[in-house]
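Undergrad: To start, I am sharing the structure in question, which I have written as structure tokens.
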Amino acid sequence: MRTGTETGSGTAAQLAYSQLADALRRGVYGNGTRLPGERDLAAHLGVSRTTLRQALGRLADEGQLERSSQRGWFVPRRVVGEPPSVLQSFSEMARARGLRPSSHILARSTRPATFDEADRLRIAPSSTVLEIHRVRGMDAVPVCVDTTVLVAARVGGLVDADLEDRSLYEALEAVCGVVVARSSYAVQARAADRRSARLLQVAEGSPVLVGQEVTYDSAEVPVLTSTTVYRGDAYRFQADLYRPLRGV
């Protein structure tokens, strides 16, 4: 970082901006973290607080920083979401944004399907299903808690497979030869319950988005049904919507 006296407010502000932008690119200040106070940051860069604010304001205009009048300057959290009308796995979403996906298995077991699950998966009631509970993150930040139910007869190889930090879609294809082709998806806003809040590291009652889906293979046979609880500050749902054609 540059130290010394300023030779011109414009030049000094540009240098401060360049050094801060470089620090953000290198991850010196991680997503969701607060920058040092303006006094300390100005001293570190060797500029006045007025000059520093010019650089900070420019970064804020570009969306690289956010300001809280009460708490200072923050690096915004990266919000993830699937591109409109494109089905991606969680891992694919992360990698497409240059982030490192993680997946921690909380529990895995086989059991009889409920009536609702049997209906969604088109199997007989009480058929055996494999249930997997996971907490998933990006760059070590927990983003969602996922409960997935699969037809055990189709995915027997996943009962003992190593799924830690692994895409379930990729494991389905590699281990079971099952390729996911499409998803029927619905999302609803709720408040985080105690368990979800603890796993997502947010306050109980914080806003979350709950996604419920059924995925199908290319033959339109259901593969899995899942419920995923996303942090409200870390996930955005997108969709393409079209008006029906009207007769002339």
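Undergrad: Defining a contact as two alpha carbons under 8 Å apart and six or more residues distant in sequence, what relative contact order in percent does the stretch 23-179 show?
TA: 16 percent
Undergrad: May I ask you to work out the translational diffusion coefficient for the chain at 10 °C, viscosity 1.306 mPa s, via Stokes-Einstein with Rh from the Kirkwood sum over Cα pairs, reported in whole µm²/s?
TA: Rounded, D is 76 µm²/s.
Undergrad: While we're on this one: In nm, what is the difference between 0.36 nm times the number of residues separating Arg49 and Arg194 and their Cα-Cα distance?
TA: Result for the pair: 48.0 nm of gain on full extension.
Undergrad: Quote the accessible area belonging to Leu150 in square angstrom, nearest 10, computed with a 1.4 Å probe and with ligands, DNA and RNA left uncounted.
TA: 0 Å²
Undergrad: Carbon and sulfur atoms: what percent of the 1.4 Å accessible area of the stretch 95-248 do they account for?
TA: Using a 1.4 Å probe with all protein chains present, the stretch 95-248 comes out at 51 percent carbon and sulfur.
Undergrad: Farthest toward the dipole's positive end in the chain, which of Ala113, Ala124, Leu209, given Cβ charges of +1 (Lys, Arg) and -1 (Asp, Glu) about the Cα centre?
TA: Leu209
Undergrad: His104 label point, 7 Å along Cα→Cβ, cut-off 15 Å on backbone N: hits in the stretch 184-202?
TA: 195-202
Undergrad: Shifting gears a bit: Whenever you get a sec, line up Arg166, Arg134 from highest to lowest accessible area (probe 1.4 Å, protein heavy atoms).
TA: If we order Arg166, Arg134 from most to least accessible, we get Arg166, Arg134.
Undergrad: Starting from the Cα gyration tensor of the stretch 162-205, take the square roots of the eigenvalues, sort them a ≥ b ≥ c, and report rounded, prolate or oblate (rounded when a/c is under 1.5, otherwise prolate if a/b is larger than b/c, else oblate).
TA: Oblate is the answer for the stretch 162-205, as a/c is 1.5 or above yet b/c matches or exceeds a/b.
The values are calculated or read from the model by the stated rules, or taken from the named source; none is laboratory data. For clarity, every value in this text was computed on a predicted model and none was experimentally measured. With ideal geometry, Cβ positions are generated from the backbone for all residues, glycine too; neighbour counts draw on all protein chains shown. Calculation scope for accessible area: heavy atoms of the full protein, side chains included, ligands and nucleic acids excluded. Shrake-Rupley method; radii C 1.70, N 1.55, O 1.52, S 1.80 Å.
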